[in-house]
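**Q** To start, I am sharing the structure in question, which I have written as structure tokens.
The values are calculated or read from the model by the stated rules, or taken from the named source; none is laboratory data. Bear in mind that the values here come from a model prediction, so they are computed numbers and not experimental data. Virtual Cβ from ideal backbone geometry, glycine too; neighbours counted across all protein chains shown. To get the accessible areas, we keep the full protein, side chains included, count just its heavy atoms, and leave off ligands, DNA and RNA. Shrake-Rupley method; radii C 1.70, N 1.55, O 1.52, S 1.80 Å.
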Amino acid sequence: MYGSFIAKFDFPIYKTDEAIKAEKDSLLRTFQPYYNYNPIVEQKEIAKFKENFKDGLPGLPDAYMLEIIEQLHRIYQQGIMDTPDYTMLAKDTSNMVRVVSGKNATSMQIGKIHSLLAAYELIFTDEALAYQRQILQRCNLNEYLEPNLMYDRDRSETEKNDMLSGIPIASGMVMSGQKVIDRGDIVNDYTYRVLNSYEREMQ
């Protein structure tokens, strides 16, 4: 309906809101939230267990004390996460998190970490302990399991914002003097973006 449109100045070709949202969603799928590993939790809980059962486990040989301590140690080393956090992340078992221990940050698959509930069940994957589960359940071993991976909100949000801010809002440029469209041409998606970008620059 109009005559030929020639760009009078250089301007960027902006992406659509939908395209930017799709890129953000795609990027967020690769994002790994940060969790701080706290070694004090294991020390405190195992010390509490030893103190509460300093006279041994009722009805069981002393070897069971050592086996439970070893099992608790293994579970804490793998990492225990608060159940709501774990449930949210484990919707996709391929999700990764960054576990920060001291100055090191290591990527770990969520499937290799445990929720509180899973950690308790893991105690009884030891055959000897599984055999005495009925007796051990009276010892309330769940009381010696606490999350030792704590969500680092500040670091996670900073990293996420850095990732998202790296997404360019434009894809390409129109140069001054370049013909954008002529009378009778069909307006396709690309031309529509160029025209919208021009209008945006004019505003």
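**Q** If I take all pairs of Cα atoms in the stretch 28-112, what percentage of them are more than 18 Å from each other? Could you put the intermediate results ahead of the total?
**A** Working: 1913 of 3570 pairs.
Of the Cα pairs, 54 percent sit more than 18 Å apart.
**Q** Relative contact order of the stretch 49-121: what whole-number percent is it, with Cα pairs under 8 angstrom and at least 6 residues apart? Can you show the working numbers first?
**A** Numbers: 58 pairs, mean separation 21.3, N = 73.
Normalised by residue count, the contact order of the stretch 49-121 is 29 percent.
**Q** Another question, if that's okay. Just how many pairs of Lys in the chain have C-alpha atoms closer than 22 Å, counting pairs that are eight or more places apart or on different chains?
**A** Total qualifying Lys-Lys pairs in the chain comes to 13.
**Q** At 222 nm, what helix-only mean residue ellipticity would the chain give, in deg cm²/dmol to the nearest 500, using -39500 (n - 2.57) for each DSSP H run of four or more? Can you show the working numbers first?
**A** Numbers: 9 runs with 94 residues, N = 203.
Helices in the chain give a 222 nm mean residue ellipticity of -14000 deg cm²/dmol.
**Q** Let me ask something additional. Sum up the charges of everything whose Cβ sits under 9 Å from the Cβ of ARG98, counting Lys and Arg as +1 and Asp and Glu as -1, but leave ARG98 out.
**A** Working: positive: ARG155; negative: ASP152, GLU159.
Charge balance near ARG98 sits at -1.
**Q** Can you give the Rg to Rh ratio for the chain, taking only C-alpha atoms and Rh from Kirkwood?
**A** Numbers: Rg = 28.8 Å, Rh = 21.6 Å.
The Rg/Rh ratio comes out at 1.33.
**Q** When ligands, DNA and RNA are left out and all protein chains stay put, how many square angstrom of accessible area per residue does the stretch 1-68 have with a 1.4 Å probe? Please report the intermediate quantities before stating the final value.
**A** Details: 4340 Å² over 68 residues.
Value for the stretch 1-68: 64 Å² per residue.
**Q** Can you give the local net charge around GLU51? Use residues other than it whose beta-carbon is closer than 14 angstrom to its beta-carbon, Lys and Arg +1, Asp and Glu -1.
**A** After counting each charged neighbour, the total is +1.
**Q** Calculate what fraction, in whole %, of the accessible area of the chain sits on carbon and sulfur atoms when a 1.4 Å probe is rolled over the protein chains.
**A** Values: 6580 of 12740 Å².
Carbon plus sulfur share of accessible area: 52 percent.
**Q** If I take every Cα pair under 8 Å that is 6 or more residues apart in the chain, average their sequence separation and divide by the length, what percent do I get for the relative contact order? Provide the component values of the computation, followed by the final result.
**A** Details: 246 pairs, mean separation 90.1, N = 203.
Once normalised by length, the contact order is 44 percent.
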